[in-house]
Amino acid sequence: MKKPGCHAGRRAREKRRKKHEDVSKVTLTHEAQFVLLRRWLKEKGFASQSLIPVNFHDTGRGLMATQTIKAKDSVISLPEKCLLTTRTVLKSYMGDYIKRWHPPVSPLLALCCFLISERYRGDASEWSSYINILPKTYTCPVYFSDDIIDLLPRSLQKKATEQKEQFQELYCSFLMFFHSLQPLFTQPTEELFTQDALRWAWCSVNMRTVYMEHDQSDYLSREKDVYALAPYLDLLNHCPNVQVEAGFNKETCCYEVKSVQGCKKFQQAFINYGPHDNHRLLLEYGFVAPDNPHSVVYVDLGTLKLCLDEQDKQLTQKLLYLRDNDFLRNLTFGMDGPSWRLMTALRQLSLKPEQYTCWKSVLLGAGVSRDREEWCIHNALKLCNNLTDDNVKALERLSQLKQGANLSLLEQLCVVESLRQEEQRILEHTRVALQNLWGQ
């Protein structure tokens, strides 16, 4: 027999749950920019009733399923005429200018220039309904100041700096090409194709395109042409635990995404960019995935050296040996503790002078004596503690900088903070795993 009030209690809980879900997401369907986008896409042959744009509290803008999507069912199917590719650009008013330029520009740059031009044209642009919903700024490192880059984990700082340098080189290399486009505009190209404008377009292409191979054009450089901007579809957010099948279907002439697991009604529909850790997600897409099963904490050479005995006369030789055998890269901590590569590198570094002949066998997986294994665990703990201390200091500094920061800066600080918090969580698990090893 059910207890009195059981149904009332269940109804109350259900009401509270639904209220929480309603608060956690706000539909964007009736906002003018999305009304125009959906109307424009409908004119091009795409009309999706099963996915609507929603602002989710945890991921921001995304797409919600208005009906259950079964396993192996289509999530979205976007006609080719909705896709913005280099073919679109070469057929446009900008095509002849690109075709005349030597050496040829890259597919990436062609798309970037077209986006900048179409944004400038405003409502006169065929693509204005799409361009108007693109973010005005991004949170990948090419937007970061040096002060913010300094707050990234050391292993990511170098890659972030390289990204900024590569972008700067791209911009400087094509100033003359930008100038060659002057007949298309009344405004000076120096004011139109600015570094800020190219950065926005560069991020829009790198972060929002889907992978789609195209035939090599004689008018573009030899770099692989694999970009396609996909309006509406690019609102799908990444989830590392979701499985999808995505690609261009030549029979239907649509870019299709099919769900492997399915998606419940009124839940957010996701896509999967691949098995990327949070460093790569931040570097290439400007966000961090919470509870990412692919995420690890990297141990860079500088951090590794902090825990080594400088009195070891073989230290330089050991590090050279590890480098020559590609064992100073991808040294990591994960949720289950130190990686095999990290422990193998530490075992090799632990060896005494008279154990020189064991170097090769240790790198191939041979064990070491009990006292050397304890040395490895002890130093792995030191590494873990050093990285934890660095995380704590960075999080304190991020908290200070967030006070009074403008919205754009705040978004950048928050994504770096999320990365640091995720790494702190991994390091806490690592510490427990190492302490258990120490106690054995």
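Of note:
- Given (1) modelled with pLDDT of 95 or more; (2) within 18 Å of Leu419 (Cα to Cα), number of the condition Asp291 does not satisfy: (1)
- There is no residue in segment 197-212 that is of a type outside the set (A, V, I, L, M) and free of Cβ contacts under 8 Å to residues at least 12 places away in the same chain.
- Here segment 337-364 is the region considered, the condition is being more than 16 Å from Lys318 (Cα to Cα) and of a type in the set (Gly, Ala, Ser), and the residue that is least open to solvent (accessible area, probe 1.4 Å) is Gly337.
- Test: residue in segment 345-359 that is free of Cβ contacts under 8 Å to residues at least 12 places away in the same chain and on the phi > 0 side of the Ramachandran plot: no
- Restricting segment 398-412 to residues that are open to solvent by less than 80 Å² (accessible area, probe 1.4 Å) and out of contact with any Ser or Thr (no Cβ under 9 Å at 6 or more places or on another chain) leaves a set whose member that is farthest from Cys376 (Cα to Cα) is Ala405.
- If the condition is being buried (at least 17 other Cβ atoms within 10 Å of the Cβ) and in a helix (DSSP H, G or I), then segment 368-385 contributes Arg372, Glu373, Trp375, Cys376, Ile377, Asn379, Ala380, Leu381, Leu383, Cys384.
- Considering (1) within 24 Å of Met207 (Cβ to Cβ); (2) crowded, with 17+ Cβ neighbours inside 10 Å, the lone condition that Pro293 does not fulfil carries the number (2).
- 2 or more residues among the hydroxyl-bearing types (Ser, Thr, Tyr) and more than 22 Å from the chain's Cα centre (by Cα): qualifying helices (runs of 4 or more DSSP H) within segment 141-195: 154-173
- Test result for Pro240, touching a residue at least 40 places away in the same chain (Cβ under 8 Å) and surrounded by 18 or more Cβ atoms within 10 Å (Cβ to Cβ): yes
- Filtering Lys224, Lys159 for residues that are among the basic types (Lys, Arg), in contact with a Pro (Cβ under 9 Å, 6 or more places away or on another chain) and under 30 Å from Asp58 (Cα atoms) leaves a single hit, Lys159.
- Leu220 outside any loop (DSSP other than H, G, I, E, B), open to solvent by less than 30 Å² (accessible area, probe 1.4 Å) and not charged (D, E, K, R): no
The values are calculated or read from the model by the stated rules, or taken from the named source; none is laboratory data. Since this is a predicted model, take the numbers as computed values, not measurements. Counting neighbours? That spans all protein chains shown, and the Cβs are built from the backbone with ideal geometry, glycine included. When the accessible area is computed, the model is the full protein with side chains, heavy atoms only, and any ligands, DNA or RNA have been set aside. Shrake-Rupley method; radii C 1.70, N 1.55, O 1.52, S 1.80 Å.
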